[in-house]
Protein chains: 2
Amino acid sequence: MSGARMYKEKFRPNWKLWLEYKNEYVFGPGAFAILKSIQKAGTITEGAKALGMSYRYAWGVVRGIEEKLGERLLDTRKGGAIGGGGAVVTVLGIKLMELYSKVQNDFERVVQESR
Amino acid sequence: MSGARMYKEKFRPNWKLWLEYKNEYVFGPGAFAILKSIQKAGTITEGAKALGMSYRYAWGVVRGIEEKLGERLLDTRKGGAIGGGGAVVTVLGIKLMELYSKVQNDFERVVQESR
């Protein structure tokens, strides 16, 4: 085994990725996981629950980003007598998830290729 | 301008990279900058100073990593009457710097290319 290869096997690159808006942190791994989970579950309550988070926490993360951007990431509708309220990720929310996910995948590929 | 391009221009990916050893954080941007600066300056004192750090802080970062790895990142020699002590980055230190720098450059390239 070459020396270079030995070092690569012992030392594993890891990273935290986020998106900045006007040079400020807006969208990181937590927001990505929350939107993804809400998208899958269809409601904030169920999406948060699937991640072991409270509704309040998940909604707070989303609201914080929406306030920084002045745009919505979720379209929410009030629940009826039976179904309860639903939440749909907006076009902006989907674009942020796609950008985050693309860069994250590119980083993973680059690290795999260099091993 | 396409919608996708507009999103990419508004939202800039940023990241923190580090190297893990046995699933533990060992080498991040601070350690990289410190070793690089000591390598250039030739002494811990001058290397730390160039980064606006104290000798004590820079040496503490290096020592902390050396303790986790059980190996030296710097070869230090005591100063004589005139020259003062010097510090040379070890082969392991250089390999860590190279691996860190390679992945960091790959990440920068990937983000540039996707813009």
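Cβ contacts < 6 Å: first residue closer than 14 Å to residue B:50 by Cα, restricted to the stretch B:25-38; second residue part of a strand (DSSP E or B), any location; separation 6+ or different chain. Result?
So the pair list comes out as B:35/B:89; B:38/B:87.
Of the residues A:58, A:48, A:87, which single one is surrounded by 14 or more Cβ atoms within 10 Å (Cβ to Cβ) and assigned to a strand (DSSP E or B)?
Of A:58, A:48, A:87, the one residue that is surrounded by 14 or more Cβ atoms within 10 Å (Cβ to Cβ) and assigned to a strand (DSSP E or B) is A:87.
When you scan the stretch B:65-76, how many residues do you find that are away from chain A (no Cβ under 14 Å) and either hydrophobic (A, V, I, L, M, F, W, C) or loosely packed, with under 12 Cβ neighbours inside 10 Å (or both)?
Total meeting the criteria: 2.
Those residues that are more than 8 Å from chain B (Cβ to nearest Cβ), touching a residue at least 40 places away in the same chain (Cβ under 8 Å) and not in a helix (DSSP H, G or I), I need them from the stretch A:90-115; list them, please.
A:115
Considering each residue of the stretch A:68-84, count those that are at pLDDT 85 or above and not in a helix (DSSP H, G or I), and give that number.
Qualifying residue count for the region: 7.
Within the stretch A:29-40, how many residues are surrounded by fewer than 18 Cβ atoms within 10 Å (Cβ to Cβ) and within 14 Å of another protein chain (Cβ to nearest Cβ)?
1
The values are calculated or read from the model by the stated rules, or taken from the named source; none is laboratory data. The shown structure was predicted, so the numbers you read here are calculated from the model rather than taken from an experiment. Please note: Cβ atoms are built from the backbone with ideal geometry, for glycine as well, and neighbour counts cover all protein chains shown.
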